[in-house]
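Take a look at the structure set out below.
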Amino acid sequence: MTVESRVVSPYPWAPGFYPGDRPEIVTSRFQYEDGHTLDRYLATGGYEGLRAALAESPSDVHEVVKNSTLLGRGGAGFPAGVKWGFTPQGVWPRYLVVNGDESEPGTYKDRLLMECDPHQLIEGSLIASYAAGLSQGFLYIRGEMALAHERVAQALNDAYAAGYIGKNILGTDFSIDIVLHWGAGAYVVGEETALIESLEGERGMPRLKPPFFPAAVGLYGMPTIVNNVETLSNLPFIAREGSEAYTAIGTPTSPGTRMIAVSGHVKRPGVYEIVNGSTTFRDLIFGDDFAQGIRDGNELKAFVPGGGSAPWFLPDQLDIPFEGPAAGAAGSMLGSGAVMVMDSTTDIPAAALTLVQFYAHESCGKCVPCREGGTWLYRIVERIVAGHGTDADLETIFEVGQTICPGEMPHASSERLGLDAVPFPYKMTTICFVGPSAYAPIHSALTLFPEEFEALVTKRADRRPIPVTAEVPA
Amino acid sequence: MSRLSDHNVILAKEIIARYPKQKSALIPLVHLSQEQNGYVTEDAMRHIADMIDVTPAEVYGTASFYEMFRFEPTGKYLINVCGTLSCSLMGADSLMHHAEQTLGIKAGATTDDGLITLQHAECQAACTEAPTLQVNYRHRYRVTHESFDQLVDDLRSGALDTEIPPHGTLGRNRQQIPADRAVAVQAPEDVTTGPAWIQVSPA
Ligand SMILES: Cc1cc2nc3c(=O)[nH]c(=O)nc-3n(C[C@H](O)[C@H](O)[C@H](O)COP(=O)(O)O)c2cc1C
Ligand code: SF4
Ligand code: FES
């Protein structure tokens, strides 16, 4: 199948997004070309959640969000309402930082939310700030998203002018400034403490833990709530319709919907808002409502279930439900909601190399196992793919991996190789997940497809000493 | 001569005033200077250091961490070809090879006329539309060899001038906080009580 002949989204302004016969909580305005404008937003229930929230006390709004069990969509899946409760009593000011740094390989959703419905994100940010007593907000957008910047800047300007942001919002004593902040290109800045460092004007390196939560010690050392774009985009619905309407969708432990991207060798790669707990990986990759199967009549070879950091699954894992605990038990995670699909034509070592290269490149350099280990993994896998590797390199990959992730590394079961699944998560020697993420893809690739690597490397028995010649060099 | 212009100094002051601590304006100001000069110059970094009361080394120290900041003259158009997994599966290597051939430069270099800089890039949050590239951080989706050639023609002819501003310009608009709506920004150490709407609530 050629690139041109692929299906295209019915909404050209939301490239890759496909609606379905499913509840839409965060993508309801993607159908409108002008969904990003204040006019369209107001005509479709916009800022009604904020009005509803302002009619109640902040603690009641916080309670509603707690009861909704809204889980963070940035990767860790922590309940938002619980996190807001971690702010220490009586310590002021408290800040909001919106994490719009989306850059995990395979992940494509926050950018669409910012481009197609920026007011929804702003309204969600306002509701969170009202409930948790946050007096200034920073919307940190990944620098490489020019259109998202333009859309969010325009939306902020319009919302200020209309009285939804700033002093005495809608005539109440709720007042907040929301500042659009430009990132400048660094994946690790998506990690919340690195995001805060970056916002303070520093190199974006993650902070040592503890303290574990910026909610206790964050921006300028003050209590700071960091939430993902998609997480906050759910709040207008929750504030408007109530927590019961929200928990009526999805499962009790993971209510609501979630945006996921399915990319790679499928017929209809796309971004879908799915109901939590309603699908398996098979539905997502093969379902008519989703990616519609493997391209060109090929077979599925392997898939990455949750962003570039996630250990890989094989076709016999297709019936695992798309739910965190199930994916964890099978040796991986849902992460940032990104499924990447590889068909039978895929060169596995080369595919793994792109991910190892990514994480090695993005290491901030603060921890030795990540800075050195990631770089060495990259160099080794690169020379294997180029045909210059030896079988000793394959052992070295596991040795380097042990310095980053000591002990057993999670992986999928493989009937073919007689392997049992090792459940997620792993142990790690580094401050953040970038180090382990450089190892996870190459560990999966090498464990599940050892024959492809062995075919590329020179074996010890074939290696010959360099002969000594009698001639004296000229 | 690459200090911030008078016009940009006014903008810079507005930006600095939005943050409780002025060093937070560092990255936005480096962006502003890159928008003015096309890349980040030493003079600009000295000027920014003065404005936010840090040393020039601190400005460079932070700026050099981030990929978007370039410290040498760069093409008017920066083409970033994504090479991460989803794009790689859909032909990113072949696209990059074609781009190098068409432009007659290796990735990392700039064409002789100074128009185009070509770079390898990482995931651009557009993985379903692979293979992708960005021109000055504006996406192009499902890029074929033909559409790449068309893009280069359009960049050369100026057909995309309104859609794609020169390298360094992040957005064609800016956030503006109207003075009559803004809440006074305070340094965190000057804030001792909770916000008004929290104090009146029973919590
Ligand atoms: C290396 C790394 C990169 C991350 N990148 C992002 C990101 O791009 N966007 C995001 O929202 N969260 C990212 N996270 C997760 C954040 O640290 C944080 O958990 C999240 O923003 C919290 O928001 P949530 O509770 O609403 O999910 C990343 C974490 C790590 C360790
Ligand atoms: S694991 Fe890597 S990216 Fe994360 S803090 Fe350590 S060195 Fe930096
Ligand atoms: S892998 Fe190319 S955009 Fe994500």
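Tell me, which residue of the stretch B:20-41 that is open to solvent by 10 Å² or more (accessible area, probe 1.4 Å) and without any contact (Cβ under 8 Å) to a residue 40 or more places away in the chain is farthest from the other protein chains (Cβ to nearest Cβ)? Don't jump to the end; show me each part of the working.
Start the filter on the stretch B:20-41 by keeping residues that are open to solvent by 10 Å² or more (accessible area, probe 1.4 Å), which leaves B:20-23, B:35-39, B:41.
Okay, now just the ones that are also without any contact (Cβ under 8 Å) to a residue 40 or more places away in the chain, so B:22-23, B:41.
Numbers: B:GLN22: 8, B:LYS23: 4, B:THR41: 16 Å.
For the stretch B:20-41, the residue satisfying everything is B:THR41.
How about the stretch A:403-437: which of its residues are surrounded by fewer than 17 Cβ atoms within 10 Å (Cβ to Cβ) and within 16 Å of ligand 2 (Cβ to nearest atom)?
Residues satisfying the conditions are A:PRO406, A:PRO425, A:LYS427, A:THR429.
Among the residues of the stretch B:58-78, are any buried (at least 22 other Cβ atoms within 10 Å of the Cβ), within 16 Å of ligand 1 (Cβ to nearest atom) and at the interface with another protein chain (Cβ under 10 Å from one of its Cβ atoms)?
Yes, the conditions are met somewhere in the stretch B:58-78.
Does at least one position in the stretch A:348-363 carry a residue that is within 16 Å of ligand 2 (Cβ to nearest atom) and surrounded by fewer than 20 Cβ atoms within 10 Å (Cβ to Cβ)?
Taking the stretch A:348-363 first, the residues within 16 Å of ligand 2 (Cβ to nearest atom) are A:355-363.
If we keep only those that are surrounded by fewer than 20 Cβ atoms within 10 Å (Cβ to Cβ) as well, we get A:361.
Within the stretch A:348-363 (the criterion being within 16 Å of ligand 2 (Cβ to nearest atom) and surrounded by fewer than 20 Cβ atoms within 10 Å (Cβ to Cβ)), the answer is yes, since at least one residue qualifies.
So how many residues does the stretch A:89-107 have that are closer than 14 Å to B:PRO188 by Cβ and part of a loop (DSSP other than H, G, I, E, B)?
The total comes to 4.
Conditions (1) part of a helix (DSSP H, G or I); (2) modelled with pLDDT of 95 or more; (3) among the hydrophobic types (A, V, I, L, M, F, W, C); (4) surrounded by fewer than 24 Cβ atoms within 10 Å (Cβ to Cβ), marked per residue:
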residue: A:GLU197; (1), (2), (3), (4): yes, yes, no, yes
residue: A:PRO211; (1), (2), (3), (4): no, no, no, yes
residue: A:GLU230; (1), (2), (3), (4): yes, yes, no, no
residue: A:GLU244; (1), (2), (3), (4): yes, yes, no, yes
residue: A:ARG268; (1), (2), (3), (4): no, yes, no, yes
residue: A:TYR272; (1), (2), (3), (4): no, yes, no, no
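Filter the stretch A:78-94 down to residues that are within 14 Å of ligand 1 (Cβ to nearest atom) and either facing another protein chain (nearest Cβ under 8 Å) or open to solvent by less than 10 Å² (accessible area, probe 1.4 Å) (or both), then give me how many there are.
3
Give the number of residues within the stretch A:153-168 that are more than 8 Å from chain B (Cβ to nearest Cβ) and either in a strand (DSSP E or B) or surrounded by 24 or more Cβ atoms within 10 Å (Cβ to Cβ) (or both). Write out each step before concluding.
Residues of the stretch A:153-168 that are more than 8 Å from chain B (Cβ to nearest Cβ), as a first pass: A:155, A:158-159, A:162, A:164, A:168.
Filter once more, keeping what is either in a strand (DSSP E or B) or surrounded by 24 or more Cβ atoms within 10 Å (Cβ to Cβ) (or both): A:155, A:159, A:164.
Number satisfying all stated conditions: 3.
All but one of (1) within 7 Å of another protein chain (Cβ to nearest Cβ); (2) modelled with pLDDT of 95 or more hold for A:LEU126; which doesn't?
Every condition holds for A:LEU126 apart from (1).
State which residue pairs qualify: first residue under 12 Å from A:GLY407 (Cβ atoms) and inside the stretch A:422-437, second residue part of a loop (DSSP other than H, G, I, E, B) and within 16 Å of ligand 3 (Cβ to nearest atom) in any location, beta carbons under 8 Å apart, and separation of 6 or more residues or different chains.
Listed by first residue and then by second, the contacts come to A:PRO436/A:SER309.
Go through the stretch A:49-59 and count every residue that is within 30 Å of the chain's Cα centre (by Cα) and farther than 11 Å from A:ARG240 by Cα.
From the stretch A:49-59, those within 30 Å of the chain's Cα centre (by Cα) are A:49-50, A:53, A:58-59; that's our starting set.
Next cut, farther than 11 Å from A:ARG240 by Cα only: A:58-59.
Within the stretch A:49-59, residues that are within 30 Å of the chain's Cα centre (by Cα) and farther than 11 Å from A:ARG240 by Cα number 2.
The values are calculated or read from the model by the stated rules, or taken from the named source; none is laboratory data. Predicted model, so just to flag it, every value in this text is computed and none were measured. Neighbour counts are summed over all protein chains in view; Cβ atoms, including those assigned to glycine, are modelled from backbone coordinates with ideal geometry. Just the protein is used for accessible areas: all its heavy atoms, side chains included, with ligands, DNA and RNA removed. Shrake-Rupley method; radii C 1.70, N 1.55, O 1.52, S 1.80 Å.
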